[in-house]
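A short worksheet on the structure shown next.
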Amino acid sequence: MAVFTPVTLDDLSHWITQFDLGKALAIKGIPSGIENTNFFITTEFGEYVLTIFENLSFEQLPFYLNLMRHLAERGVLVPAPIATHQGNLINALHGKPAAIVSKLEGSSQMKPQAVHCAAVGAMLARMHIAAENFPIRQPNLRGLAWRNETAPIVMPYLSDSNKQLLAEEMAFQNAFAESDTYRQLQNGPIHADLFRNNVMFNGDHLTGFFDFYFAGCDTWLFDVAVTVNDWCIDVETGVLDQERVRAMLDAYHHVRPFTAAEQAAWQTMLRAGALRFWLSRLYDFHLPRDAEMLTPHDPGHFERILRLRIEQATPPLFTSAG
Ligand SMILES: Nc1ncnc2c1ncn2[C@@H]1O[C@H](COP(=O)(O)OP(=O)(O)OP(=O)(O)O)[C@@H](O)[C@H]1O
Ligand SMILES: N[C@@H](CCO)C(=O)O
C-alpha cells in the first residue's frame, strides 16, 4: 500500500476548482507504486490521475511535466498534464507538489511477447526524436554522479564477491564515461525507467508510456539498455530472450537508426542499466525510507543481470541487413 498522503473527496472538491475539469465526483487511491502517491479521480469531464510528489521538489518537477506536455503535443503516447486556469501544471496539495494528468487506457503487459517489445521500441525511438528539441535540461538524477555517491553507501552491506563486482563495475563505467566512444553517443531527454509496469497496452496496442519521474538528460542508448534489460529477459534468470531483443531493437532502429558508436557501446550500456537499478534497489533494501509501507524490490535480480551482461555475448544492436 503506497498512499503516503491521503486526499478525501472533500479536499479534492476545493482543490479542483482551479482547473477547468468540472466538479470532482470520485477519488480512489492507487496502491501500487513506491515513489509517489497516485489517485484515479473522476470529474464531470472524465477520468484523470492525480499524483502527489513525495520526493521530488517544486524545482525539479517542471522538467517532467513540461516534457510530458511536449511529447503529448508531438503525438508520443504519454499522459497529458492538465494546467490550471492560470496555466500552472504543478500546484500544492497538502503542502506537497501535485499534478493532474490524463488517464491512459488499458493495463500493463507483464508477460510481453515480441509484438509488445516492437511497439515499445518504436515508440521509444519516436520519444527520443520528439524530445530532442525540448528546451529544459535536467541531468539523469540516477546518472554516474549519483552512482558514485551511492556505491560507497551500500558497499558495507555487500558480500565480498559483490563488493568486488561493484567496485570493478564502477571503475569500468567511470573509465567509459571518459572515452571518445561515450562522447559520440547521442544525448537528450530519456525516460530512464521504462519497465513493463510503466507502459500501458490495450491488448497488443500500446496506449502510452507513463511514470516519467526518473526522466532526465542522458544517452539515448542508456534508455534502450534499461528497457531491454526489463522487457526482453526471462524474469527468473535475467537471460536475454533473442526474439524479443531483436523485435525491440529492430523496431527502434527502423524509426531512429543506431550509430556505429552506439553499437560499440552497447554491451557497456546494458551493464550500466543493470548497475543503476542494482544500486537503487540495494539502497532501498538496506536503507528503507519507511519499512512498514514498502516491500523493496529484490536487488539480487539486477546483480544477476549485471553478471550476465558482463559474462555473456551481447546480441548486436543492429545488423547491416537490419
Ligand atoms: N496516466 C496514467 N494512466 C493510467 N494509469 C496510471 C497513470 N499513471 C499512473 N497510473 C497507475 O498508477 C500506478 C502507479 O503509478 P506510478 O507507476 O507512476 O507510481 P510510482 O509511485 O511512481 O511507481 P514506481 O514504483 O513505478 O516508481 C500504475 O501502475 C498505474 O496503474
Ligand atoms: N523500476 C524500478 C523502480 C522505480 O521505478 C525498479 O524496478 O527497481
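The values are calculated or read from the model by the stated rules, or taken from the named source; none is laboratory data. Computed from a predicted model, the values in this text were never measured in an experiment. In this analysis, Cβ positions are derived from the backbone assuming ideal geometry, glycine residues included, and neighbour counts consider all displayed protein chains.
Within 13 Å of ligand 2 (Cβ to nearest atom) and surrounded by 16 or more Cβ atoms within 10 Å (Cβ to Cβ) - does that describe any residue in segment 172-192? Yes, that holds for at least one residue. With respect to the stated conditions, Ile136 is in contact with a helix residue (DSSP H, G or I) (Cβ under 6 Å, 6 or more places away or on another chain), β-branched (Val, Ile, Thr) and either at pLDDT below 95 or assigned by TED's automatic domain parsing to the domain that holds Val199 (or both).
Condition first: among the acidic types (Asp, Glu) and either more than 26 Å from Arg137 (Cβ to Cβ) or touching a Pro at 6+ places or on another chain (Cβ under 6 Å) (or both). Can you find one or more residues in segment 238-249 that meet it? Lay out the reasoning, then the answer.
Kept after step one, since they are among the acidic types (Asp, Glu), are these residues of segment 238-249: 241, 243.
Then drop every residue that is not either more than 26 Å from Arg137 (Cβ to Cβ) or touching a Pro at 6+ places or on another chain (Cβ under 6 Å) (or both), which leaves 241, 243.
Yes: segment 238-249 contains one or more residues that are among the acidic types (Asp, Glu) and either more than 26 Å from Arg137 (Cβ to Cβ) or touching a Pro at 6+ places or on another chain (Cβ under 6 Å) (or both).
Look at (1) touching a Gly at 6+ places or on another chain (Cβ under 6 Å); (2) buried (at least 20 other Cβ atoms within 10 Å of the Cβ) and you find that Glu132 fails only one, number (2). Restricting segment 41-66 to residues that are among the polar types (S, T, N, Q) and at pLDDT 95 or above, the residue that is surrounded by the most Cβ atoms within 10 Å (Cβ to Cβ) is Thr51. The residues listed here are Ala118, Ala122, Ala92, Ala83; of these, the one that is touching a Phe, Trp or Tyr at 6+ places or on another chain (Cβ under 7 Å) and not hydroxyl-bearing (Ser, Thr, Tyr) is Ala122.
Scanning segment 7-51 for residues that are more than 15 Å from Phe210 (Cα to Cα) and assigned to a strand (DSSP E or B) yields Phe19, Ala24, Leu25, Ala26, Ile27, Lys28, Gly29, Ile41, Thr42, Thr43, Gly46, Glu47. Of everything in segment 296-316 that is among the acidic types (Asp, Glu) and without any contact (Cβ under 8 Å) to a residue 24 or more places away in the chain, the residue that is nearest to ligand 1 (Cβ to nearest atom) is Asp298. Does segment 152-162 contain at least one residue that is loosely packed, with under 14 Cβ neighbours inside 10 Å and on the phi > 0 side of the Ramachandran plot? No, there is no match, as no residue in segment 152-162 is loosely packed, with under 14 Cβ neighbours inside 10 Å and on the phi > 0 side of the Ramachandran plot.
Quick one: which of Pro257, Pro288 is away from ligand 2 (no atom under 16 Å from the Cβ) and surrounded by fewer than 16 Cβ atoms within 10 Å (Cβ to Cβ)?
Numbers: Pro288 fails: away from ligand 2 (no atom under 16 Å from the Cβ).
Of the residues listed, the single one that is away from ligand 2 (no atom under 16 Å from the Cβ) and surrounded by fewer than 16 Cβ atoms within 10 Å (Cβ to Cβ) is Pro257.
Of the residues screened, Leu89 is not one that is closer than 20 Å to Ile27 by Cβ, part of a strand (DSSP E or B) and either of a type outside the set (Ser, Thr, Tyr) or out of contact with any Pro (no Cβ under 9 Å at 6 or more places or on another chain) (or both). Only one residue in Glu243, Glu236 is in contact with a helix residue (DSSP H, G or I) (Cβ under 7 Å, 6 or more places away or on another chain) and acidic (Asp, Glu). Which one? Criteria check complete, one pass: Glu243.
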